[in-house]
Amino acid sequence: MSISKSGAKSLDLLKKLPRISLVNLGPNPGAKKNEKRRGRGQHGGNRSGRGHKGERQRGNRPRLGFEGGQTPFYLVIPKYGYNEGHSRRPQYQPLTLNKLQYLIDLGRVDPSQPIDLTQLVNSRGVTIQPLKRDYGVHLVAEGAENFSAKVNIEVQMASELAIAAIEKNGGVITTSFYDPRSLCILCKPVPFFTRGQPIPKRMLPGEDLLPYYTDAKNRGYMAELAKIQEARMELARTYGYILPDITKEELFEMLSMRKGPRQIFFGLSPGWVVNMAEKKILKPTDERLISYYNSS
Amino acid sequence: MMSLHFQANYCVSASSSQTYPGITESTEEYKYVERLIPPSSVPTPPKHDQYPTPSGWRPPAAVPPALPYMVRRSRMHNVPVYSDITHGNRKMTIVRKIEGDIWALEKDLKDFLTHTSGTTPLMQVNEVNMSIRIKGSFDKDLKSWLLEKGF
């Protein structure tokens, strides 16, 4: 049997049959069934499938949900605001450690550079919809046993076990807040740069999320560095692993890279305009603009 | 006369006046912008010391196995075995991207699945798409079987 790329047997058969035309084409037996036609013949006629007298035959049945006068189910159950304010609740797309390890193994995410939400979106590891109340990505600890990558990762929320898994492998994790406009820009930087607007300042979290991002246990970007060090050691004690010393690593500089609280991109300050066509960056020189963009 | 007056109003000098603040240009920090541009094609996976990698991925064998058929990797370098579900409860497994003698692969799959599950599952060979659809969910078993073969 010769090895051909596709449809060996069926193509051989086709070569021997007569030419295909409308005359010899037809559906498979049993593929097409005739529709039921009411009011025709012995079985379709007489009452035409409507039953005997009453509201049923005359087409006058009451509305859906009516229970003959008894208070219907949909009115007996009291209202409760389960979905009230659903469009004002922040949502976070989950990212498992399994998926992160898979992305690093297949070379879609580069662990020798700080991993940002932009890097995750560019590698198609997560899909963020800032316009659907997504506020970022949530690192989840599924696959923590097999995770073994040393990364500097910045997410919006992280579970305790995920933080422990990353720090155990000698990595650094930070949680930081992006307001919806900054998140749009972070997820899709190229369409933003083509607009020609200056990079805006990142807004600070509201009062609901401020306690989360000022807590060292969540590795919040607004927490004090000393407290974060203590929290790292405490987490190592809780989960029973030895905390590796990052200061003695080659990639220490990369691991200690952190964004400023008002910065959206690494290496680019707010207020700058990026010209992608000519590969230039335009920076303002006016003192008022500089003081506005550099203020916190 | 009118046109000269029209042009004079729109003649703005490059140096700063009170309405247009000045700018400086630089190309040093443009490397940070280049990092943000998404790649235009799927990157080839880097070489690892040990396989399987921590996430369980293995590359295809360097020499394709000496079989009458070939199962190529997908665009994202994974084994092309997928699970399908219809009507909420009808589970099927699909093997795609087959090349060569598809009936030999169908025979090998039948033998393997009869050996593992006891009963012979129903299989549909699609010669035009070069794919095989199997009744039942065997995606993990088939993926490991194909990896062992070296596809």
Report summary line: Ranked from fewest to most other Cβ atoms within 10 Å of their own Cβ, A:Ile166, B:Ile85, A:Ile242 fall in the order A:Ile242, B:Ile85, A:Ile166
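Would you mind calculating the relative contact order of chain A from Cα pairs under 8 angstrom and at least 6 residues apart, reporting the percent as a whole number?
Values: 373 pairs, mean separation 37.2, N = 296.
Relative contact order here is 13 percent.
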Query raised in the report: What span do the alpha-carbon atoms of the range B:97-151 cover on each of the three principal axes, reported in whole Å from largest to smallest?
Result: 29, 25, 17
Report summary line: A chain fully extended from A:Ser256 to A:Met222 at 0.36 nm per residue, minus the present Cα-Cα distance, gains in nm 10.7 nm
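Return the average number of partner chain Cβ atoms within 10 angstrom of each residue Cβ along peptide B:55-61.
Details: counts 15, 6, 4, 0, 1, 0, 0.
Average neighbour count from other chains, rounded to a whole number: 4.
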Query - Student exercise, the range B:37-151 dipole from Lys, Arg, Asp, Glu Cβ charges, in Debye to nearest 20 - result: 300
Report task. May I ask you to sort A:Lys53, A:Lys16 by Cβ crowding, counting other Cβ atoms within 10 Å and putting the fewest first? Result -> A:Lys16, A:Lys53
Report task. Tell me the label-point distance for the pair B:Thr116, A:Glu278, using the 7 Å Cα-to-Cβ offset, in nm and rounded to one decimal. Result -> 6.1
Query - Within 10 Å of each Cβ in B:33-46, the average number of Cβ atoms from other chains - result: 6
Query - From phi via Karplus (6.51, -1.76, 1.60), per-residue ³J(HN,Hα) for the range A:148-156 in Hz, x at Gly/Pro - result: 8, 10, 9, 9, 10, 10, 10, 10, 9
Query raised in the report: For the range B:74-115, what is the convex hull (Cα atoms) projected area averaged across all directions, in square nanometres?
Result: 4.2
Query raised in the report: What spacing in nm lies between the two simple spin-label points modelled at A:Val190 and B:Ser74, each 7 Å away from Cα in the Cβ direction?
Result: 2.3
Query raised in the report: Quick one: putting +1 on the C-beta of Lys and Arg, -1 on the C-beta of Asp and Glu, what dipole do you get for chain A around its Cα centre, in Debye to the nearest 20?
Result: 3160
Report summary line: Karplus-derived 3J(HN,Hα) from phi for the range A:175-181 (6.51 cos²θ - 1.76 cosθ + 1.60, θ = phi - 60°), whole Hz, x at Gly and Pro, runs 10, 9, 9, 10, 6, x, 5
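Which whole-number value in Å³ per residue fits the convex hull of the alpha carbons of chain B? Don't skip to the end; give the middle numbers.
On the way: hull volume 48.8 nm³, N = 151.
About 323 Å³ per residue, rounded to a whole number.
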Query raised in the report: Most exposed first by the Cβ proxy, i.e. fewest other Cβ within 10 Å, how do B:Asp101, A:Asp105, B:Asp84 rank?
Result: B:Asp84, B:Asp101, A:Asp105
Report summary line: In whole Hz, the Karplus estimates of ³J(HN,Hα) for the range A:215-231 (6.51, -1.76, 1.60; θ = phi - 60°; x where Gly or Pro) are 8, 6, 5, 8, 6, x, 6, 9, 7, 6, 5, 4, 5, 5, 4, 4, 5
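Do the alpha carbons of any pairs in B:Lys110/B:Lys140; A:Lys150/A:Lys188; A:Lys168/A:Lys217; A:Lys168/B:Lys143; A:Lys168/A:Lys227 sit beyond 22 Å of each other, and which pairs?
Numbers: B:Lys110/B:Lys140 16 Å; A:Lys150/A:Lys188 26 Å; A:Lys168/A:Lys217 15 Å; A:Lys168/B:Lys143 31 Å; A:Lys168/A:Lys227 18 Å.
Cα-Cα > 22 Å for A:Lys150/A:Lys188; A:Lys168/B:Lys143; rest within.
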Report summary line: Rounded to the nearest 0.05, FRET efficiency between A:Val23 and B:Ala66 (Cβ-Cβ, R0 35 Å) equals 0.15
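Report the FRET efficiency, 1/(1 + (r/R0)^6), for B:Asp49 and A:Arg50, where r is their Cβ-Cβ distance and R0 is 60 Å, rounded to 0.05. Could you put the intermediate results ahead of the total?
Numbers: r = 75 Å, r/R0 = 1.26.
For R0 = 60 Å, the calculated efficiency reads 0.20.
As a check on your grasp of the helix formula, calculate [θ] at 222 nm for chain B: sum -39500 (n - 2.57) over DSSP H runs of n ≥ 4, divide by the residue count, round to the nearest 500. Walk me through the numbers on the way to the answer.
Numbers: 4 runs with 42 residues, N = 151.
Theoretical 222 nm ellipticity from helices: -8500 deg cm²/dmol.
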Requested in this report: Specify whether the C-alpha gyration tensor of the range A:21-89 places it in the rounded, prolate or oblate class, a ≥ b ≥ c being the square roots of the eigenvalues: rounded for a/c under 1.5, otherwise prolate if a/b is larger than b/c and oblate if not.
Outcome: oblate
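With runs of 4+ DSSP H residues as the only contributors, calculate the mean residue ellipticity of chain A at 222 nm using -39,500 (n - 2.57) per run, divided by the residue total and rounded to the nearest 500. Don't skip to the end; give the middle numbers.
On the way: 13 runs with 92 residues, N = 296.
About -8000 deg cm²/dmol.
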Report summary line: Interchain or sequence-distant (5+) residues whose placed amide H lies within less than 5 Å of the amide H of A:Gly136 are A:Gln93
Report summary line: Between B:His77 and residues 5 or more places away or on another chain, the pairs with built amide H atoms under 5 Å apart involve none
Query raised in the report: When Lys and Arg each count +1 and Asp and Glu each count -1, what net charge do the other residues less than 15 Å away from A:Val126, Cβ to Cβ, add up to?
Result: +1
Requested in this report: Could I have the simple spin-label model distance between A:Asp245 and A:Asn169, label points 7 Å from Cα toward Cβ, reported in nm to one decimal?
Outcome: 2.3
Report task. Give the cross-link partners of A:Lys279 among the aspartates and glutamates, using a straight C-alpha distance below 15 Å as the criterion and excluding same-chain residues fewer than 8 apart. Result -> B:Glu25, B:Glu28, B:Glu29, B:Glu34
Report summary line: The aspartates and glutamates whose Cα lies under 14 Å from the Cα of A:Lys259, excluding any fewer than 8 residues away in the same chain, are A:Asp116, A:Glu154
Report task. Please list the non-local residues whose amide H lies under 5 Å from the amide H of A:Val109, H modeled 1.01 Å from N, same-chain partners needing a gap of 5 or more. Result -> A:Ile104
Requested in this report: Under 16 Å Cα to Cα from A:Lys248, which aspartates and glutamates show up? Leave out anything in the same chain fewer than 8 places away.
Outcome: A:Glu167
Query raised in the report: So for chain A, taking the charge dipole from beta-carbon charges (+1 Lys/Arg, -1 Asp/Glu), which of A:Ile163, A:Pro90, A:Ile199 sits furthest toward the positive end?
Result: A:Pro90
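Computed from the coordinates by the stated procedures, all read-outs in this text should not be read as laboratory data. Everything quoted here is computed from the prediction, not taken from an experiment. Glycine gets a Cβ as well: all are built from the backbone with ideal geometry, and neighbour counts include every protein chain shown.
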